[in-house]
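Reviewing the structure listed below.
The values are calculated or read from the model by the stated rules, or taken from the named source; none is laboratory data. Keep in mind that what you see is a predicted model, and the values were worked out from it rather than measured. We place every Cβ from the backbone using ideal geometry, glycine too, and count neighbours over all the protein chains shown.
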């Protein structure tokens, strides 16, 4: 049976505990969880360790010193590189990527497994919770595999609209009219077969700052022939409220110039050739547990 590997990315302790509570409540538990950090901070390890003791989860934490700018691509690749040292990559395993400020619904892993088996890539989104919804987030309901927060009619309508838009983009691309990076794979929540990620050499580590590295990955995966299934309204992930680092508009993001260049499907700075970084420290939580 294909294994489902969850890769979480963060640079802060904020919301990490709730994120892990969501994985402890999955109807189909993930086969591994790796939390890859864009910083080296002991307090993140401490939060994960306490959460693992609370939930019974096992989580591998990877950290390295911050490199002066956000490096989401490198953080994701660090997790996959570490995973490749621990598993046989020849099977049909899946990588499920999430940010550490999100909480999965109880059937998230199961739905990625089922839907991904049909097409390969799973294009999803997340529900952006308000400050009030984040404050009222019901952890008891989450543990019981119930909805931890009631979504508004507007939030559900937005999911329906985005799902329909992504489906149209998929149709346009199939007939040669769509943009090569659409439908999108939003970096904060998507999944891909491990084989697909290896085909394109992972995320392009030349991207620094917030934005475009996920659009670049989608474009290269599509260019490599991998197909998508749209699951925006079918897989719910809650994005807990916090101040954002996102640019005000797509065009103002630091990766736009690189995205507009023609780059190869198999990126040069990727899994097999990392951008320079400090040493990676791995800790298995709860401390002393074997991965």
Query raised in the report: Does region 223-234 include one or more residues that are modelled with pLDDT of 95 or more, under 28 Å from residue 14 (Cα atoms) and out of contact with any strand residue (DSSP E or B) (no Cβ under 8 Å at 6 or more places or on another chain)?
Result: yes
Report summary line: Looking across region 12-29 at residues that are closer than 26 Å to residue 209 by Cα and touching a residue at least 60 places away in the same chain (Cβ under 8 Å), the single one that is nearest to the chain's Cα centre (by Cα) is 19
Query - All positions within region 1-23 that are within 13 Å of residue 112 (Cα to Cα) and part of a loop (DSSP other than H, G, I, E, B) - result: 2, 3
Query raised in the report: How about region 138-149: which of its residues are in contact (Cβ under 8 Å) with a residue 60 or more places away in the chain and surrounded by fewer than 19 Cβ atoms within 10 Å (Cβ to Cβ)?
Result: 139, 143, 144, 145
Report task. Could you please find all residues in region 13-28 being in contact with a strand residue (DSSP E or B) (Cβ under 9 Å, 6 or more places away or on another chain) and crowded, with 16+ Cβ neighbours inside 10 Å? Result -> 15, 16, 18, 19, 20, 21, 22, 23, 25, 26
